[in-house]
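Here is the structure we will look at.
The values are calculated or read from the model by the stated rules, or taken from the named source; none is laboratory data. Small disclaimer: the values here were computed from a predicted structure and weren't measured. Because the Cβ atoms are built from the backbone with ideal geometry, glycine has one as well, and the counts that use them run over all protein chains shown.
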Amino acid sequence: MVAGRRSSFDGRDTYYHLDLERCAALLAETGAALHPGLAFVPAPAPVLKATGRKPGSVLFLCTGNSARSQAAEALSRARSEGRVQGFSAGSEPRPLLHPDAVRVMAARGVDLTGQQPKHMREFARRRFRYVITLCDRVREVCPSFPGNPTYIHWSIPDPGAHDSRETGAAAFEQMAAEIETRIGFWLASIGAAPRPVQP
């Protein structure tokens, strides 16, 4: 249910995260065991929060802006059907996107063609509702952004840190799967997930 991951930056911190998919499955099983009417298959659609405010924009940050944050930016736009404006940047952007990031996202129906790594200083004066750091290193150097955004940290390992081609390919698949899961639950929590089509 809960997993921990040591900081990839300096190893001093441990980041814990809840396995949201497993938690959702257990809640569904519990509901079904209590009463047939509580069996949610599929799970009920998230209810838009009655704040009167649009979900707004989000900035995803990682060090190189060549894989994790680019994937999160694209997924936030695609999975919210445009309800969320996603952006991404890095503290030390690489020259190009990692080809394995492009490949695993294409397999999920998300095209990263034309995306370029950007430095986070390009967004220094822009207002965001959310700033989400995806790596432990950038969390330590994340600047303050105007407008008092909500800061969130997802400790996701750098898939490009793996040397071998086989291990690296698996790392990119794992990265994409984890980010897609987190994006899905995050969109539901801010009321930006599209409602599923009812049969």
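Please indicate, with yes or no, whether at least one residue in segment 51-58 is touching a Gly at 6+ places or on another chain (Cβ under 8 Å), under 16 Å from Arg182 (Cα atoms), modelled with pLDDT of 95 or more and surrounded by 12 or more Cβ atoms within 10 Å (Cβ to Cβ). For segment 51-58, residues touching a Gly at 6+ places or on another chain (Cβ under 8 Å), under 16 Å from Arg182 (Cα atoms), modelled with pLDDT of 95 or more and surrounded by 12 or more Cβ atoms within 10 Å (Cβ to Cβ): present.
Scanning segment 127-162 for residues that are of a type in the set (A, V, I, L, M) and closer than 23 Å to Leu96 by Cβ yields Ile132, Leu134, Val138, Val141, Ile156, Ala161. Select from segment 59-77 the residues that are of a type in the set (S, T, N, Q) and under 14 Å from Ser155 (Cβ atoms) and write down the one among them that is surrounded by the most Cβ atoms within 10 Å (Cβ to Cβ). Across segment 59-77, the extreme among qualifying residues is Ser69. Among the residues examined, Glu81 qualifies as touching a Pro at 6+ places or on another chain (Cβ under 7 Å), in contact (Cβ under 8 Å) with a residue 12 or more places away in the chain, in a loop (DSSP other than H, G, I, E, B) and over 16 Å from Gly168 (Cβ atoms). Restricting segment 128-159 to residues that are surrounded by 19 or more Cβ atoms within 10 Å (Cβ to Cβ) and of a type in the set (S, T, N, Q), which is nearest to Gly90 (Cα to Cα)? Across segment 128-159, the extreme among qualifying residues is Thr133.
Residue count for segment 88-119 satisfying the condition of being surrounded by 14 or more Cβ atoms within 10 Å (Cβ to Cβ), outside any loop (DSSP other than H, G, I, E, B), of a type outside the set (Lys, Arg) and out of contact with any strand residue (DSSP E or B) (no Cβ under 9 Å at 6 or more places or on another chain): 5.
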